[in-house]
Every structure is written in C-alpha cells, then in structure tokens.
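Step one of this worksheet: look at the structure below.
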Amino acid sequence: MKMKTLLAALALAAGLAPALALAQGCSHERQAQISCAEGQSWDAATRSCVTVGS
C-alpha cells in the first residue's frame, strides 16, 4: 500500500511539473529592445527604423 501511495504522489508531481514551470516563466509585460542603426530611430507606427532628418 505504501508503494502505491508513493507512485501516485510521483505521478501527480510529474503531471504538475510542466504546468508549474510554464506559470513561472510566462511574462507578457516584457518589451523587446529595438536598436536601429546610427542616424535612425524606431517608428512605432510603421514598426520599423526610419532615418532621422536633420
């Protein structure tokens, strides 16, 4: 009986491990760091780098 309880507990832990790992690693509030070439800046409207006029 003790062996069945141990196996059931291990199966439960193995089944929950992926869900717990996903809950820890999910972070949607992060923003990507965009870097443009020198003389350009990021344009959010076009979602691309545009040349900065002087």
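Quick note: the coordinates plus some simple rules give every number you see, no bench work behind them. A quick note: this is a predicted structure, and the numbers were derived from the prediction, not measured. When we count neighbours, we look across all protein chains shown, and the Cβ atoms used for this are built from the backbone with ideal geometry, even at glycine.
For GLN40, nonlocal amide neighbours, meaning residues 5 or more places apart or on other chains whose placed amide H falls under 5 Å from its own, are VAL52. Within the shell of other residues whose beta carbon sits under 15 angstrom from the beta carbon of LEU10, the net charge comes to +2, with Lys and Arg scored +1 and Asp and Glu -1.
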